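Below: one structure, written as structure tokens.
Every number here is computed from the coordinates shown, using simple stated rules; none is lab data. All values derive from a computational prediction rather than experimental measurement. Neighbour counts run over all protein chains shown; Cβ positions are idealised from the backbone, glycine included.
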């Protein structure tokens with residue numbers, strides 16, 4: 001008899017019987033026969049919950065490998081691949097090396113990939129979509145759950161398209177007895193994949209609820225589906241607008257003439273979310289720094305459209321726990337971990353001053369004399385303080401220490417050992433900065449490595465406004481674009497703009513969505529990654545003056561080390577790889593590999 005593997009956690013089990021829990025992380029419970037599954041509403045729901053569990057990609061583009069030893073840097077790798085940060089952790093090894101032009105025909109060493117895992121999940125979804133309508137369960141419930149499955153399948157195909165371009169569109173569960181051409185499927189064009197994603201969203205949106213019940217929190221509403229359409233259509237429009245057109249029969253690239261069609265679809269989806277008034281920019285705290293921090297810390301707030309839910313229970317990597325706090329938190333931490341994202345000085349400078357003037361520092365002047373951090377970062381916009389931690393940032397009731405070197409009483413630089421009881425080098429160092437966004441100060445990272453109670457936001461209202469602004473500008477609606485951008489800036493506590501252009505929208509996305517997994521893909525879809533990622537970056541060294549306890553500042557050029565980051569034209573798409581082409585001879589490799 002055919003078997004179906006059902007993954008259940010205690011949380012899910014309780015949800016079915018008490019209706020009080022969210023969709024969270026699951027663990028195997030057992031094996032149940034195929035016939036029983038599709039006749040039982042609880043088991044059908046468990047089958048779909050397994051799919052939710054498999055979608056590790058919702059956690060900041062995290063690919064969940066079979067080898068748990070590779071787990072540690074997954075949630076941060078998308079940040080390291082961008083111009084936001086470097087990897088401070090030396091154990092990230094080959095992962096970080098991909099930033100230096102080492103993505104080749106053999107692939108990305110599994111990192112950021114979403115092919116094998118995607119198709120495993122897609123197969124489950126195809127079976128679910130085919131079987132549930134004929135099951136003896138409540139019809140309204142079945143319609144809603146099938147809509148969820150179509151949303152997840154669309155998300156999977158979108159995630160594949162932005163990596164590989166065109167991929168085989170498989171929409172039914174394959175059987176070993178199927179004809180050769182159905183088993184060894186050719187790649188669809190990139191346009192066909194984006195069109196499929198958009199059409200699936202159009203088909204399932206109205207079958208999803210206006211609002212998700214508490215027991216179903218972590219499942220999509222109709223507005224989550226529209227948010228996916230807003231994002232996916234914007235990506236397709238960008239590829240048409242900035243790409244070099246279809247190549248290899250269209251397996252990559254989209255005709256430039258289609259750009260406004262996709263911009264319109266993104267614009268319409270975003271506007272439908274905006275006009276619904278179901279969501280709003282979170283603006284509940286008077287202090288703008290606290291307010292922006294709480295966008296990511298307050299569960300089920302007004303801005304969160306769709307999230308990956310997490311509880312605070314410790315789980316090993318196979319249990320799909322979140323170790324975000326553990327590795328992102330400032331040192332000291334268990335195992336000497338912490339501050340995994342070394343934020344570049346250039347990223348810190350991206351944040352403006354509250355009056356709207358650029359945040360770029362005078363590097364020559366700042367390296368003269370002695371400074372306090374209050375003077376150095378004076379009048380920076382609130383998102384800077386809420387997104388980045390650095391020397392003297394308050395953390396758990398005490399200021400963080402990032403000094404790397406001490407000027408002794410005679411002005412000599414001490415870099416090893418200690419001076420008058422002060423360590424020459426504090427535990428935190430790296431680039432001089434870390435990522436504060438999403439960090440939970442209440443978390444004990446010495447006793448609970450894997451657990452995190454912070455939900456990861458997949459879609460939030462601010463992104464919708466930014467998508468809307470970009471599409472509106474492309475459709476020659478600058479007033480609407482300006483208004484959307486100024487809504488985001490007003491919430492942030494930074495001066496409004498008087499005019500709008502694409503560079504200002506790009507800047508706003510970089511700052512507002514920093515370290516949320518967007519920047520790397522944005523640079524790829526705008527086709528600016530070759531220029532923006534093929535350059536050296538810098539950090540900031542704080543040197544403590546013993547006499548005054550002020551700081552001498554030194555810019556560290558080439559902070560990534562001897563190699564310079566490099567992004568090549570071919571890297572706008574990941575390779576299909578010889579291994580995948582050997583498994584399916586119908587697959588064509590991407591250009592340049």
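Could you work out the relative contact order of the stretch 194-322, using alpha carbon pairs under 8 angstrom and six or more residues apart, expressed as a whole percent?
Here the relative contact order equals 21 percent.
For residue 123 and residue 171, calculate 0.36 nm times their separation in residues minus their Cα-Cα distance, and state this gained length in nm to one decimal. Don't skip to the end; give the middle numbers.
Details: separation 48, 0.36 × 48 = 17.28 nm, distance 0.81 nm.
That works out to 16.5 nm of additional length.
Based on DSSP H runs of at least 4 residues, each adding -39500 (n - 2.57), what is the mean residue ellipticity at 222 nm of the chain after dividing by all its residues, to the nearest 500 deg cm²/dmol?
Numbers: 23 runs with 228 residues, N = 593.
Value at 222 nm, helices only, nearest 500: -11000 deg cm²/dmol.
Compute the separation of the alpha-carbon centres of the stretch 540-575 and the stretch 129-166 and state it in Å as a whole number.
A separation of 44 Å, based on Cα centres.
Based on alpha-carbon atoms only, what is the radius of gyration of the stretch 360-459 relative to the globular estimate 2.2 N^0.38 Å? Walk me through the numbers on the way to the answer.
Working: Rg = 16.7 Å, N = 100, 2.2 N^0.38 = 12.7 Å.
Rg over 2.2 N^0.38 Å, computed on Cα atoms: 1.32.
For residue 42 paired with residue 109, estimate the spin-label separation in nm (one decimal), with each label point 7 Å from Cα along the Cα-to-Cβ line.
Placing both labels 7 Å along Cα→Cβ, they lie 4.6 nm apart.
Neighbour counts of other C-beta atoms within 10 Å: give me 180, 80, 518 arranged from fewest to most.
Fewest to most other Cβ atoms nearby, the residues stand as 180, 518, 80.
Counting only DSSP beta bridges with both residues in the chain, tell me the antiparallel percent, nearest 5.
Of all bridge pairs located within the chain, approximately 85 percent are antiparallel.
Describe numerically, in nm with one decimal, the distance between label points set 7 Å from Cα along Cα→Cβ at residue 264 and at residue 214.
Taking the simple label geometry, residue 264 and residue 214 are separated by 4.4 nm.
With contacts defined as alpha carbon pairs under 8 Å and 6 or more residues apart, what's the relative contact order of the chain in percent?
It comes to 17 percent, rounded to a whole number.
Hey, rough spin-label estimate for residue 394 and residue 35, points 7 angstrom out along Cα→Cβ, what's it come to in nanometres?
Distance between label points: 6.6 nm.
Subtract the Cα-Cα distance of residue 335 and residue 569 from 0.36 nm times their separation in residues, and report this length gain in nm to one decimal.
Numbers: separation 234, 0.36 × 234 = 84.24 nm, distance 3.90 nm.
Full extension from residue 335 to residue 569 adds 80.3 nm.
Length gain on complete extension for the stretch residue 582 to residue 372, per 0.36 nm per residue less the alpha carbon to alpha carbon distance?
Residue separation times 0.36 nm, minus the Cα-Cα distance, leaves 69.6 nm.
Checking the a/c ratio against 1.5 first, then a/b against b/c, what shape does the Cα gyration tensor give for the stretch 467-593?
Since a/c reaches 1.5 but b/c is at least a/b, the shape of the stretch 467-593 is classed as oblate.
On a C-alpha basis, how far is the centre of the stretch 373-397 from the centre of the stretch 427-471 in Å? Whole number, if you could?
16
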